[in-house]
1. How much length is gained if the chain between Asp162 and His120 is pulled fully straight, taking 0.36 nm per residue apart and subtracting their Cα-Cα distance, in nm to one decimal?
2. Between the alpha-carbon centers of segment 20-62 and segment 148-162, tell me the distance in whole angstrom.
3. With a 1.4 Å probe and every protein chain left in place, tell me how much accessible area Arg41 has, in Å² to the nearest 10.
4. Given the protein chains as shown and a 1.4 Å probe, how many square angstrom of Glu5 are accessible, to the nearest 10?
5. If I model a spin label at Ile8 and Asp71 as a point 7 Å from the Cα along the Cα→Cβ vector, what separation in nanometres do I get?
6. Less than 11 Å Cβ to Cβ from Ile126, Lys/Arg counted +1 and Asp/Glu -1: what total charge do the surrounding residues give?
Amino acid sequence: MTSSELGIAAHQLADLGYEVFPLVPGGKTPATTHGFHDATRNHDRITAWWHENRDYNIGIRTGLYPYGDDDQRRCLVVIDLDEHVHGISGNDEWHHYTQLHGDTPTIEALTPSQGRHLYHWCDTEIRNSAGHNFPDGIDIRGQGGYVVAPPSTTPLGAYHWDVEHDPTSG
């Protein structure tokens, strides 16, 4: 069986250090028993998943990741900007925030609903806080969460890497 575009992308993301896991085809729901807790960079496991179903979407686990020596950890945080939540644009809210506080370069994915996922690595643990603590239209995906990764698709359309911020282009 030949590899699917989604399977190839899952391997590329694992090579870049992200822990991936399958989501149901065309959806955002985990396709494994333990969801994001099953996420891995193990290529044999990734191959088995995408041979099981070449149409699985890709999930990336957010939160703490080991790196370096001496049990060091860093936290993958994804700022999830939704375009129209209660009439508010997360993109506009984020623009206002960055005008006040500055912005940092990031890997960026575009969502099918005209939103954005901004990927950041930080040295401290940041918990998943989707749905609270931030203005409407902005969720934080950290420890205890996950995001849908390109080139996954949902009924609304496909996820894409922003051309200027594509981690798989290099």
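1. Fully extending the segment from Asp162 to His120 adds 13.6 nm.
2. Distance between centres, Cα-based: 15 Å.
3. The value for Arg41 is about 90 Å².
4. 130
5. 4.1
6. +1
The values are calculated or read from the model by the stated rules, or taken from the named source; none is laboratory data. The structure presented is a predicted model; accordingly, all values stated were derived computationally and were not measured. Quick reminder, even Gly has a Cβ in these numbers, built from the backbone with ideal geometry, and neighbours come from all protein chains shown. Ligands, DNA and RNA are stripped out before the accessible areas are found, and what is left, the full protein with its side chains, is counted by its heavy atoms. Shrake-Rupley method; radii C 1.70, N 1.55, O 1.52, S 1.80 Å.
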